Amino acid sequence: QLQASGGGLVQAGGSLRLSCAASGRDFSNYDMGWFRQTPGKEREFVAVINWWIGRRTSNADSVKGRFIISRNNAKNMVYLQMNSLIPEDAAIYYCAARTPSRLSDDATDYDYWGQGTQVTVSS
């Protein structure tokens, strides 16, 4: 029901735009988040956007000023614009959805998960 795409190989300093397509239900009333994971590590919070047309967003400290989360409820899409990428950003990126509440950076709060998309950053 959630499908992430847009990953790939990029040089350090470059940009990528990830997309998350929702289907099967109307996710416009859900808070949407992006998480990332590298082998041997727990899933890490990246960004979240609340359901009300992106009125509130929150980003992890490690990506503040570089990543921007946005959504288009009419298209049932969520995006993650990633700029100034660094090798430490390399991971599998997942989008997730949860019923609206306080913005959460805890992966266990999310009800729906998509398949990830791989981001590789070369130095």
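The values are calculated or read from the model by the stated rules, or taken from the named source; none is laboratory data. Everything numeric here is computed off the predicted structure, so don't read it as measured data. Methodologically, a virtual Cβ is constructed for each residue, glycine included, from the backbone with ideal geometry; neighbour enumeration extends over all protein chains shown. Just so you know, the surface numbers come from the protein's heavy atoms only, side chains and all, with ligands and any DNA or RNA stripped out. Shrake-Rupley method; radii C 1.70, N 1.55, O 1.52, S 1.80 Å.
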Fill in the blank from the handout: Rounded to whole Å, √(5λ) for the Cα gyration tensor eigenvalues of the chain, largest first, gives 22, 14, 14
Exercise for the section: Give the accessible area for Lys75 in Å² (nearest 10); use a 1.4 Å probe, count only protein heavy atoms, and leave out ligands, DNA and RNA. Expected result: 140 Å²
Practice task
Report, by chain and number, residues whose modeled amide H sits under 5 Å from the one on Tyr112, excluding near sequence neighbours (fewer than 5 apart, same chain).
Solution key: Ala97
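Assuming R0 = 35 Å, can you tell me the calculated FRET efficiency for the pair Asp111 and Ser15, based on Cβ-Cβ distance, to the nearest 0.05?
Efficiency, from the Cβ-Cβ distance: 0.70.
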Problem - Per residue solvent-accessible surface (Å²) - the chain, probe of 1.4 Å - result: 51 Å²
Exercise for the section: Sort the following peptides by mean Cβ neighbour count (other Cβ atoms within 10 Å, averaged over residues), highest first: 93-99, 6-12. Expected result: 93-99, 6-12
Exercise for the section: Leaving ligands, DNA and RNA out of it, report the carbon-plus-sulfur percent of the accessible area of the chain at a 1.4 Å probe. Expected result: 47 percent
Exercise for the section: Please list Glu44, Glu88 in order of solvent-accessible area, largest first, computed with a 1.4 Å probe with all protein chains present. Expected result: Glu88, Glu44
Fill in the blank from the handout: Relative contact order of the chain (C-alpha contacts under 8 Å, at least 6 apart) in percent is 36 percent
Exercise for the section: Given the options Val78, Val63, Val48, state which has the largest fluctuation in a GNM of the chain using a 10 Å cut-off (strictly under) for Cα springs. Expected result: Val63
Completion exercise
Calc'd 3J(HN,Hα), segment 61-69, phi into Karplus 6.51 cos²θ - 1.76 cosθ + 1.60 (θ = phi - 60°), Hz, glycine/Pro = x, comes to 4, 5, 10, 4, x, 10, 10, 10, 9
Completion exercise
Descending accessible area (1.4 Å probe), largest on the left, turns Ser101, Ser19 into Ser101, Ser19
Problem - Estimated inter-spin distance, Ser123 and Ser70, nm [label 7 Å along Cα→Cβ] - result: 3.2 nm
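Once the Cβ-Cβ distance between Trp52 and Asn83 is put in as r, and R0 is 25 Å, what FRET efficiency do you end up with, to the nearest 0.05? Mind showing how you got there, number by number?
Working: r = 25 Å, r/R0 = 1.00.
The pair Trp52/Asn83 has a calculated efficiency of 0.50.
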